[in-house]
């Protein structure tokens, strides 16, 4: 059963449409991540669900209730922001308890809820401290704890890890994943970081210019992108693209950048023979092969420990990357050839 439904949701600022006819259904207990480049509308969409922005048109349903006319406090949601938004003069306990106090919750119940949330987040020893005495990761946990005590129908996270350094981002991401499994609450999470999206989400919503490009599980979007934007946005290093021609639609045959390859996944099903297309193949799917059709000259080698990323250029100047483990010694200026499984490549 859907916990959150968006029906034909639109938002305009002046004459600018920032959210365009969004339809989306989020099931109870799902962890859904809105992802996309800066300015794609993901935070605006979250703020519409929260009630911090008003709809231009459409409907938002939370737990079977239309909430368009309800203020944020009555929507059954709790939100965690990029900035921690903690009260500096209050202790951790009182920061977490403040919203419950405003609602008139009994002191004994407030004590119980705050202590339970603190135990979940392993921060019982921090309850008497003030925010200034906490690290960035600890402050973010307080902000999450403040959301937990409200027992909301839906948790909303707006880029909560952006202010943390790389190590803390990883640790806090792991904590959020564990927390979701423990609470089983419906969660909507906004990020521009595809690693966060891939590792946290049950379902990813990829946005571009206020429109949904594709919705699906992380691996479905990674392996079966609906369009070139999704293919290029998810994955690191980014997918390689080669311009060419669809020479035989019946066998999905591609001709370009010195390659003639059949049996690719034809995404652009409306294309006919002779049409211009782009072939996409991930750097991890390339294999060093002296007889391979994809040929390039090495321009950069990055050894990252767990894998090596090699940047190359084809004879016609198209840049592409190869990524692999246990890569032999490769030098700049060296000519290499690659093969790949056609079924793992896509025609857009």
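The values are calculated or read from the model by the stated rules, or taken from the named source; none is laboratory data. On a predicted model such as this, the values are computed, not experimentally measured, just so you know. So basically every Cβ, Gly included, is an ideal-geometry build from the backbone, and we count neighbours across all protein chains shown.
Structure notes:
- Qualifying residue in the stretch 229-239 (condition: buried (at least 23 other Cβ atoms within 10 Å of the Cβ), touching a strand residue (DSSP E or B) at 6+ places or on another chain (Cβ under 7 Å) and farther than 29 Å from residue 281 by Cα): no
- Condition check for residue 213: crowded, with 18+ Cβ neighbours inside 10 Å and in the same structural domain as residue 318 (by TED's automatic domain parsing): no
- Residue within the stretch 165-179 that is in contact with a strand residue (DSSP E or B) (Cβ under 7 Å, 6 or more places away or on another chain) and within 15 Å of residue 30 (Cβ to Cβ) present: no
- Residues in the stretch 240-254 that are surrounded by 18 or more Cβ atoms within 10 Å (Cβ to Cβ) and within 30 Å of the chain's Cα centre (by Cα): 3 in all.
- Test for residue 257: is it on the phi > 0 side of the Ramachandran plot and either touching a strand residue (DSSP E or B) at 6+ places or on another chain (Cβ under 7 Å) or buried (at least 21 other Cβ atoms within 10 Å of the Cβ) (or both): yes
- Pairs, first without any contact (Cβ under 8 Å) to a residue 24 or more places away in the chain in the stretch 261-285, second crowded, with 19+ Cβ neighbours inside 10 Å, C-beta under 6 Å, six or more apart: none
- Criterion: farther than 24 Å from residue 324 by Cα and in contact (Cβ under 8 Å) with a residue 60 or more places away in the chain - qualifying residue of 247, 251, 191: 191
- Residue within the stretch 338-346 that is within 24 Å of residue 217 (Cα to Cα), in contact with a helix residue (DSSP H, G or I) (Cβ under 9 Å, 6 or more places away or on another chain) and free of Cβ contacts under 8 Å to residues at least 24 places away in the same chain present: no
- Conditions (1) assigned by TED's automatic domain parsing to the domain that holds residue 46; (2) touching a helix residue (DSSP H, G or I) at 6+ places or on another chain (Cβ under 6 Å): number failed by residue 264: (1)
- Within the stretch 10-94, strands (runs of 3 or more DSSP E) holding 3 or more residues that are closer than 23 Å to residue 204 by Cα, modelled with pLDDT of 95 or more and in the same structural domain as residue 139 (by TED's automatic domain parsing): 16-27, 31-35, 57-62
- Selection status of residue 29, touching a residue at least 12 places away in the same chain (Cβ under 8 Å) and surrounded by fewer than 16 Cβ atoms within 10 Å (Cβ to Cβ): yes
- Pairs where the first residue, in the stretch 209-237, is closer than 23 Å to residue 304 by Cβ and the second is in a strand (DSSP E or B), C-beta under 6 Å, 6+ apart: 218/204; 231/280; 237/309; 237/321; 237/323
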